[in-house]
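Student: This is the structure, below, for whatever I ask next.
The values are calculated or read from the model by the stated rules, or taken from the named source; none is laboratory data. Every value quoted in this text rests on a predicted model; they were computed, and no experiment measured them. All Cβ positions, even for glycine, are placed from backbone atoms using ideal geometry, and neighbour counts span all protein chains on display. These accessible areas exclude ligands, DNA and RNA; they are computed on the full protein's heavy atoms, side chains included. Shrake-Rupley method; radii C 1.70, N 1.55, O 1.52, S 1.80 Å.
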Amino acid sequence: MSTRTARAVDVDVPGGRLRVGVWDAESGAPTILAVHGVTSSHLAWELLAAALPGVRIVAPDLRGRGRSNRLTGPAGMAVHADDLALVCRALEVVPDLVVAHSMGAFVSVVFADRHPELARRLLLVDGGLPLAAPEGLSPDELVAAILGPTAERLSKRFATVDAYLSFWRGHPAFADDWSSELEHYLAYDLEPESDGSYRPATSYATTLEDTVDMNTRSTVADALGALTTPSTLVTVPRGLQDETPGLYPPAHLAAQLRAYPSVAHVAWPEFNHYTVVLSRAGADRLAALVEEQLGASVPRLPAA
């Protein structure tokens with residue numbers, strides 16, 4: 001893998017400024033719009049950027065996350081989709097491919113529906129088709145049922161950055177996939193408090209709003225029903241806690257693929273919901289699929 005550093009760009013959107021990470025590439029390089037998950041940030045794509053040195057990657061911190069967490073106003077899939085369009089127009093890019101993980105995949109389906117001129121192709125990673133969400137739950141119960149400890153940590157405070165890293169070291173999803181890039185990603189997730197402690201940057205209120213929107217409203221289903229953008233879904237068998245089944249139990253996944261037959265599907269049994277993006281092996285596998293999706297437009301590095 002090569003070493004690449006993202007430059008920070010702030011883009012005006014309703015309610016404030018959206019932070020965007022841009023991994024630059026040579027003039028004429030293909031461009032990826034990369035969209036992270038529900039409590040994540042643009043640094044979820046650092047390993048992918050390292051694996052794709054010939055590709056420009058534009059990756060926002062979605063509103064309510066990372067350095068975009070102080071934006072005011074509503075969230076939801078349509079709002080995030082419109083933010084992505086503003087990012088593309090501000091940076092004067094039309095992505096060759098949208099690569100999206102988890103909640104970002106749902107956002108990207110809506111983005112393709114609302115801004116088809118900016119969405120040539122979608123690569124959806126463990127998200128984008130409806131989840132098997134329990135019915136009849138309150139919004140807080142729905143977040144807890146789907147995200148579990150991932151959401152619980154948003155109310156916690158940590159004495160030091162090392163304490164936060166130690167919290168994650170005990171997470172079953174990363175038992176075999178710890179890296180310096182993961183530490184960089186996790187440390188970015190923190191914001192200092194006035195008492196010297198740290199809290200996760202992600203807004204719980206925005207997480208709640210987004211989770212309700214993508215699981216109980218028609219926003220995503222309506223966009224999927226109208227989807228004409230070529231799309232590929234990658235699923236993995238293990239979930240946020242490295243548990244089985246993951247977000248898409250086999251019977252539920254089969255039903256969704258029948259409902260949306262235009263979405264191509266590949267299954268990667270080696271990964272869980274996090275490591276498919278946040279491990280070196282996952283990023284390498286994803287990079288290979290990105291190159292396949294982009295085809296001849298990817299500049300190849302000379303052989304060593």
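Student: Which cross-chain or sequence-distant (5 or more) residues have an amide H under 5 Å from the amide H of LEU97, H modelled 1.01 Å from N in plane?
Tutor: Long-range HN contacts for LEU97: THR31, LEU33.
Student: Can I ask one more? Quick one: in region 153-304, what % of C-alpha pairs are over 27 Å apart? Walk me through the numbers before you get to the answer.
Tutor: Numbers: 4669 of 11476 pairs.
Here the long-distance tail beyond 27 Å is 41 percent of all Cα pairs in region 153-304.
Student: Quick one: accessible surface of VAL125, probe radius 1.4 Å, all protein chains present, in square angstrom to the nearest 10.
Tutor: 0
Student: Could you tell me the distance between the Cα centroids of region 62-85 and region 5-30, to the nearest Å?
Tutor: So the two Cα centres are separated by 15 Å.
Student: Using label points projected 7 Å from each Cα along Cα→Cβ, tell me how many nm separate THR216 and ARG280, to one decimal.
Tutor: 4.3
Student: Just the number, please: carbon plus sulfur as a percent of the accessible area of the chain, 1.4 Å probe, no ligands or DNA/RNA counted.
Tutor: Ligands and nucleic acids excluded, carbon and sulfur reach 51 percent.
Student: OK, next. Report, in debye and to the nearest 20, how large the dipole of region 39-93 comes out about its Cα centre when Lys and Arg carry +1 and Asp and Glu carry -1 on their Cβ. Before the final figure, lay out the partial values.
Tutor: Details: 6 positive and 5 negative charges, 26 e Å.
So the magnitude is around 120 debye.
Student: Just to be sure I understand the model, the point goes 7 Å from the Cα along the line to the Cβ. What's the resulting PHE167 to GLU117 distance in nm?
Tutor: 4.4
Student: Per residue of region 110-125, in order, report the coupling 6.51 cos²θ - 1.76 cosθ + 1.60 (Karplus, θ = phi - 60°) as ³J(HN,Hα) in whole Hz, putting x for Gly and Pro.
Tutor: Computed from phi, the couplings for region 110-125 are 5, 4, 5, 6, 7, 9, x, 5, 10, 10, 7, 7, 10, 10, 9, 10 Hz.
Student: Still on this structure, I have one more. Under the definition of Cα pairs under 8 Å and six or more residues apart, what whole-number percent is the relative contact order of the chain? Don't skip to the end; give the middle numbers.
Tutor: On the way: 597 pairs, mean separation 62.3, N = 304.
Answer for the chain is 20 percent.
Student: For region 1-139, what proportion of DSSP beta bridges, expressed in % and rounded to the nearest 5, is antiparallel?
Tutor: Percent antiparallel among DSSP bridges in region 1-139 is about 50.
Student: Report the GluC sites (Glu not before Pro) located in region 57-141 that are in a DSSP loop and have at most 15 other Cβ atoms inside 10 Å of their Cβ, or state none.
Tutor: In loop regions of region 57-141 (DSSP not H, G, I, E or B), the sparsely surrounded GluC sites (Glu not before Pro) are GLU92, GLU135.
Student: Ok, one more. Give the accessible area for VAL266 in Å² (nearest 10); use a 1.4 Å probe, count only protein heavy atoms, and leave out ligands, DNA and RNA.
Tutor: 50
Student: Return the percentage of antiparallel bridges among DSSP beta bridges fully within the chain, rounded to the nearest 5 %.
Tutor: In the chain, DSSP labels about 40 percent of beta bridges as antiparallel.
Student: Over the Cα atoms of region 223-288, each weighted equally, I'd like the Debye log10 I(q)/I(0) at q = 0.20, 0.24, 0.26 Å⁻¹, rounded to two decimals.
Tutor: -0.85, -1.05, -1.11
Student: Something else now. Among LEU253, TRP168, VAL290, which residue has its Cα furthest toward the positive end of the charge dipole of the chain, with +1 on Lys/Arg Cβ and -1 on Asp/Glu Cβ?
Tutor: Of LEU253, TRP168, VAL290, it is VAL290.
Student: Which value results for Rg/Rh of the chain when Rg is the Cα radius of gyration and Rh the Kirkwood radius based on the inverse mean 1/r? Please list the in-between numbers first.
Tutor: Working: Rg = 17.9 Å, Rh = 19.3 Å.
My calculation puts Rg/Rh at 0.93.
Student: How fast does region 146-206 diffuse by Stokes-Einstein, in µm²/s, taking the Kirkwood radius from C-alpha pairs at 20 °C and 1.002 mPa s?
Tutor: Result for D is 175 µm²/s.
Student: With only Lys, Arg, Asp and Glu charged, each at its Cβ (+1 for the first two, -1 for the last two), find how big the charge dipole of region 86-196 is about the Cα centre; round to the nearest 20 debye.
Tutor: That gives a dipole near 280 debye.
Student: Moving to a separate point now. Can you work out the Karplus-derived ³J(HN,Hα) for every residue in region 215-220? Use 6.51 cos²θ - 1.76 cosθ + 1.60 with θ = phi - 60°, whole Hz, and x for glycine or proline.
Tutor: 10, 10, 10, 8, 3, 6
Student: Then there is this: Using only Cα atoms, what is the ratio of the radius of gyration of region 185-239 to 2.2 N^0.38 Å?
Tutor: Region 185-239 yields a ratio of 1.71.
Student: Can you pull the accessible area of ASP113 for me, 1.4 Å probe, Å² to the nearest 10?
Tutor: Approximately 70 Å² of ASP113 is accessible to the 1.4 Å probe.
Student: Something else about it: Can you pull a Stokes-Einstein diffusion coefficient for region 1-114 at 37 °C (0.692 mPa s), Rh from Kirkwood over Cα pairs, as a whole number of µm²/s?
Tutor: 238
Student: For labels at LEU289 and LEU137 in the simple 7 Å Cα→Cβ model, what's the distance in nm?
Tutor: Taking the two extended label points, one gets 2.5 nm.
Student: Right, next: Using θ = phi - 60° and the Karplus form 6.51 cos²θ - 1.76 cosθ + 1.60, what ³J(HN,Hα) does each residue of region 278-294 get, whole Hz, x for Gly and Pro?
Tutor: 9, 10, 5, 5, x, 5, 5, 5, 5, 4, 4, 6, 4, 4, 5, 5, 6
Student: Give or take rounding to whole Å, what are the principal axis extents of the alpha carbon atoms in region 214-256, in descending order?
Tutor: Each principal axis gives a Cα extent; for region 214-256 these are 32, 24, 17 Å.
Student: So if I place +1 on the C-beta of Lys and Arg and -1 on the C-beta of Asp and Glu, and nothing else carries charge, what would the dipole magnitude of region 134-186 be about its Cα centre? I want it in debye, nearest 20. Kindly include the intermediate steps, with their values, before the conclusion.
Tutor: Working: 4 positive and 9 negative charges, 51 e Å.
The dipole of region 134-186 has a size of about 240 debye.
Student: Enter the accessible area per residue of the chain (Å², integer; probe 1.4 Å; all protein chains in place).
Tutor: Solvent-accessible surface per residue comes out at 41 Å².
Student: Please report, to two decimal places, log10 I(q)/I(0) for region 50-173 at q = 0.12, 0.13, 0.15, 0.19 Å⁻¹ as given by the Debye formula with identical point scatterers on the Cα atoms and no solvent.
Tutor: -0.60, -0.70, -0.91, -1.25
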